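The values are calculated or read from the model by the stated rules, or taken from the named source; none is laboratory data. None of these values were measured; they are calculated from a predicted model. Here the Cβ positions follow ideal geometry from the backbone for every residue, glycine too, while neighbour counts run over all protein chains shown.
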Amino acid sequence: MNFLNGTYGFDLLSIVLVLLSFILNIFDITRVLGIIVFAYAIYRAFSKKIYKRKEEYNLFYTYTNKLLNKFGKSIPYNLQNYDLNNISFLFGRIKQKYTQFRDYKITKCPNCGQKLRLPRRKGKIVVTCKKCSTKFDFRT
């Protein structure tokens, strides 16, 4: 995936634009505007003009915080920018979580609340919590 090197990626502005485009696409009257807003959000994510995209984000950040300050809220400046270079890594993490969900069942200890990962399809088993040594029955 070398073609994604140097692209800007998704920031808060891009996510807001995508959500706005979904809302605009609900109604027939605003569908064209919704498609244009969505195309612009995708253009921002794949753009290699990082300086321009940062300027747009700073403008969005400034005016959004001015609006939110009236309600006593604000957006933190150091929000993560989702870089498209690591997209294969993100899909790998999603696949790993799905595999774990399929093979293991997550439960909490009734005594201390510690999360426990138990194998699926083993029937009724006696589980011992490693944190507080409480034993309890659980059906996997």
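Quick notes on this structure:
- Of all residues in region 63-73, those satisfying the criterion of being assigned to a helix (DSSP H, G or I) and under 23 Å from the mean Cα position of the chain (by Cα) are THR64, ASN65, LEU68.
- Any hit, region 27-38, residues being within 21 Å of the chain's Cα centre (by Cα), part of a helix (DSSP H, G or I) and at pLDDT 95 or above: yes
- The residue pairs whose first member lies in region 117-140 and is over 13 Å from THR107 (Cβ atoms), whose second member is in a strand (DSSP E or B) and aliphatic (A, V, I, L, M), and whose beta carbons are closer than 6 Å, counting only pairs six or more residues apart or on different chains, are LYS135/VAL126.
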